[in-house]
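Worksheet: the structure to be examined is printed underneath.
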Amino acid sequence: MREIKTVTILGANGAMGSGSAGVIAAFGGAKVHMLARDVEKAKQGIEAAVASVKTDTIRARMIPGSYDADLEKAVAESDWVFELVAESYEVKEPINTRIAKARRPGTIVSTVSSGLSIGRLAKAYDEDGQKHYYGTHFFNPPYKMILCELVTHSGNDKKVTQALGEYLEKVLGRAVVYTNDTPAFAGNRIGFQLMNEVAHFAEKYADKGGIALMDEIMSGYTGRAMGPLATADFVGLDVHKAIVDNIYDNTKDEAHETFKLPGYFQKLIDAGKLGMKSGGGLTKVVKHADGKREKFVYNIKTGEYDPYPKFDIPFIKEARQKIKDSDYKGAMDIVKNASGFEAEIARYFISRYISYSLSLVGEVVDTKENTDGAMGFGFNWVPASAFVDFLGGPKETIKMMEQSKIPVPKLLKDAKEGKKFYELGEKLDARSLFKG
């Protein structure tokens, strides 16, 4: 792979395009062609890129342009073409046809996608083009979220893959996770499995607290900054639907049925209630005349919004205190031994998360460190392997899984007792991802 001195960004005015461009210009020192539908939008992308990395020095290296007037010329002089246009084959494939005609041999071309087939998109290119075509799934915002899923397909060259991975990691400061060309790759497949199944449980327990109860049970003491359903609301229910529908339609694993979109999600989407970006979805915040803000939550049974409830669940309070005291194993001991249906749900989902993460090793990724990195760096969730250690090791984890009737993955069955299961500790301190 030749040195990356010039980069073309397609989709420069979007949040991901401008954010990625900022990282490439600031850390990579590259000249960046910023292309959008028109030059004004490209200029807006430059301003956003400058703001994202908080330095004006990159502005001189960023050149605005449009797809119609500048694509072929920019691609011809680029060492890397980074395409971030709309998430559909109908938009990406015609752009790829134009890139393929203009690129020089050896030029890297990559796409940002949450789950489209990289192999299918690569078919627009000749043999050299396919060898140099990748998915580079940055997470938003790129300056703060350092994960990059580097997605490979059958036409790639291992030496190029290694060189590109080293560039992304050593030059651009990415935490690189290597994934195969499978639906939703690693992070989204694991993350949205949990989020979508929690959404189903919210419907099952609608008369006991529904959405709010599930996010309370799966709150910070279970290793995440934001509850799973609050995360869905943040991402957008329409985006959530696109991801789980893609996985449901194109995979057949033991968790397949958990990817069915809940009916109340579709009802909210049809009503334009997409989440935070639309002013409300699973929750909403109302500003009263006196200036005070009040949070409401969607009632799955009535279709109305109720004041967001408070819960007093003793084992959660105890676990949170242990987290505050930096006693992470102690917190998990409380979860393992607590009684009540709320504790059973917590154990079920922690077990499911560990099981599903480890089950994807072999199909989606080559090692558990890749799924651990995807969840730790991409979602800010405690990685599955770290949970195994906090729960007391493989035997204790298997015991909890079996009690929760969750499949035990072979990787865990074969693990040696008494040895640390989590191996990313030097790169990512999993303890920092718990919230008390």
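The values are calculated or read from the model by the stated rules, or taken from the named source; none is laboratory data. In this text, all values refer to a predicted model and were calculated from it rather than measured experimentally. Glycine gets a Cβ as well: all are built from the backbone with ideal geometry, and neighbour counts include every protein chain shown. Side chains are part of the model used for accessible areas, which takes the heavy atoms of the whole protein and leaves out ligands, DNA and RNA. Shrake-Rupley method; radii C 1.70, N 1.55, O 1.52, S 1.80 Å.
Extension gain for the segment Glu402 to Glu40, taken as residue separation times 0.36 nm less the Cα-Cα distance, is 124.5 nm to one decimal. Using the beta-carbon distance between Lys204 and Lys5 and R0 = 51 Å, what value does 1/(1 + (r/R0)^6) give for FRET efficiency, to the nearest 0.05? Approximately 0.40, to the nearest 0.05. Counting only protein chain heavy atoms and rolling a 1.4 Å probe, the accessible areas of Lys208, Lys252, Lys413 rank, largest first, as Lys252, Lys413, Lys208.
Of the trypsin sites (Lys or Arg not before Pro) found in the range 273-366, the ones in coil according to DSSP and having at most 16 other Cβ atoms within 10 Å of their Cβ are Lys292, Lys301, Lys310.
A cut-off of 5 Å between modelled amide H atoms, ignoring neighbours fewer than 5 places along the same chain, links Ala175 with Leu147, Cys148. The alpha-carbon atoms of the range 181-233 define a convex hull whose volume equals 70 cubic angstrom per residue. Modelled this way, with points 7 Å down the Cα-to-C-beta line, the labels at Ser88 and Ala15 are 2.0 nm from one another. Report summary: the helix-based calculation at 222 nm, which adds -39500 (n - 2.57) for every DSSP H run with n ≥ 4 and divides by the residues of the chain, gives -13000 deg cm²/dmol. Sequence-ordered 3J(HN,Hα) estimates for the range 238-245 from the Karplus curve with 6.51, -1.76 and 1.60 and θ = phi - 60° stand at 5, 5, 4, 4, 4, 6, 5, 4 Hz, glycine and proline given as x. Residues whose amide H falls under 5 Å from that of Leu274, counting only those 5 or more places apart or on a different chain, are Gly280, with hydrogens built in the peptide plane. Sorting Tyr125, Tyr308 by solvent-accessible area of protein heavy atoms yields Tyr308, Tyr125, largest first, with a 1.4 Å probe.
Along its first, second and third principal axes, ordered by size, the range 79-225 spans 61, 34, 24 Å in Cα coordinates.
Whole-Hz Karplus values for the range 163-169 come out as 5, 5, x, 5, 5, 4, 7 Hz, taken residue by residue from phi with 6.51 cos²θ - 1.76 cosθ + 1.60 and θ = phi - 60°; glycine and proline positions read x.
For Tyr305, the residues whose amide H sits under 5 Å from its own are Asn299, ignoring neighbours fewer than 5 places away on the same chain, with H placed 1.01 Å from N. For the residues Thr97, Thr179, Thr161, a GNM of the chain with alpha-carbon springs under 10 Å puts the largest fluctuation on Thr97. Its Cα gyration tensor gives the range 65-138 an equivalent ellipsoid; the semi-axes, largest first and in whole Å, are 17, 14, 11.
If both residues of a DSSP beta bridge must be in the chain, then about 30% of such bridges are antiparallel. For the pair the range 234-291 and the range 376-411, the centres of their Cα atoms are 27 angstrom apart.
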